[in-house]
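**Student:** Take this structure, written in structure tokens, and hold onto it; I'll ask about it next.
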């Protein structure tokens, strides 16, 4: 039985693990050639990408004894060394064997929320000692870690963990396979758009996608839909992103119009750059958000300077729309948009070096304890502000050039509170007031992520 069949996507990672499992089954051939099995495999990746399930599939396919080391069984620091020694002795007795340590960074990582630095340093030394003592006993240590940087270099060198396999977030092809895997055997109607779901789940892990589909199913049952629809999936995605469900709350006409104008600015900026990536728009309060425009972002596509600058423009288009339609007033509703814009601008200035390497940070300055001279910090901040201001002026110009289109979508949003992808694209196509010159060529298209949440003046805290 191929235990990797239960894992969707990740073809290259599964191939690597299958080859290792084959080596365990053919270990006698290796021994006859004077070759040993790898002494260790470290599987790293963000939570939810499937590290543990891949390790379990390897163990099941390998067909050798597996001894498990659990952090929950270690009651204190003094008990760790004898506990570890007993596990390795048990594995040596059944060699070739695997010692499996799930979430190794909880035991031997740097100081973090799990253990003190002192405990983890002692644990690291003890694990190094035990691995050295049993290095020729036919034991392979398989471990998973969330953050490879938490593991000291002495453990990661060859002869201890000979192999390191990093499990990244799923690509679009992986996500498509994962979605189809979780859809199998579930009631879903024809409205479910696998390609759109694939785009919407960009940047999510396999666990995130499984949870989204389950939440969509729950919503379908509560709404008595009979089957999961694209509407249920959209609901689940927004619930995850905004940490809440839409709230039907009383809203003054002015407040409704203000939020609608803000979100219409984001919406039109997105439509003029990449209409195919638009998901929906709403002015319903949800979690900490008073409104949002959802668009997809393709993490597999290479980022360019033009695309990054366009993302900044789209992020600031809500504030720009307020400035155009309410020029005599300043409303405090754009703090999160500004944070996003400044973060993107700073990335271009100090990380990507697109305006000159003299703005870039040295590796030592990127650490939490790195020091940055005051003069360089001022230059970076000045260039970041200059870029953000330039993009804001572009956003103002975009709103002015397409004022009628923005006003149209603001009116529709104020009247019906939300718009689906199909409604937005249909209405956009119907608006003949948009000239062909206002739409960029495909080479200039960008994809963006959720714009928001927006905090309105009535709230005491500015998010």
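**Student:** Among the candidates 168, 157, 135, which residue alone is under 30 Å from residue 197 (Cα atoms) and surrounded by fewer than 17 Cβ atoms within 10 Å (Cβ to Cβ)? Outline the logic, then answer.
**Tutor:** Working: 157 fails: under 30 Å from residue 197 (Cα atoms); 135 fails: under 30 Å from residue 197 (Cα atoms).
None of the other options fit; the residue is 168.
**Student:** For region 195-213, how many residues meet the condition of being surrounded by 14 or more Cβ atoms within 10 Å (Cβ to Cβ) and in a helix (DSSP H, G or I)?
**Tutor:** 13
**Student:** Right, something else. Tell me yes or no: at least one residue of region 58-74 is out of contact with any helix residue (DSSP H, G or I) (no Cβ under 8 Å at 6 or more places or on another chain) and at pLDDT below 90.
**Tutor:** Scanning region 58-74, I find at least one residue that is out of contact with any helix residue (DSSP H, G or I) (no Cβ under 8 Å at 6 or more places or on another chain) and at pLDDT below 90, so the answer is yes.
**Student:** Which residue pairs have Cβ atoms under 7 Å apart, sit 6 or more places apart or on different chains, and have a first residue in region 186-200 that is under 15 Å from residue 235 (Cβ atoms) and a second that is surrounded by 14 or more Cβ atoms within 10 Å (Cβ to Cβ) and modelled with pLDDT under 85?
**Tutor:** Pairs found: 200/237; 200/279; 200/296.
**Student:** Show me the helices (runs of 4 or more DSSP H) found entirely inside region 327-431 where at least 2 residues are modelled with pLDDT under 90 and over 19 Å from residue 293 (Cβ atoms). Step through it out loud before you land on a result.
**Tutor:** Working: elements: 335-346, 374-401, 403-416, 421-430.
The qualifying helices (runs of 4 or more DSSP H) are 374-401.
The values are calculated or read from the model by the stated rules, or taken from the named source; none is laboratory data. From a predicted model like this one, the values you see are computed outputs, not experimental measurements. Using ideal geometry, Cβ is built from the backbone for each residue, glycine included, and neighbour counts are taken over all protein chains shown.
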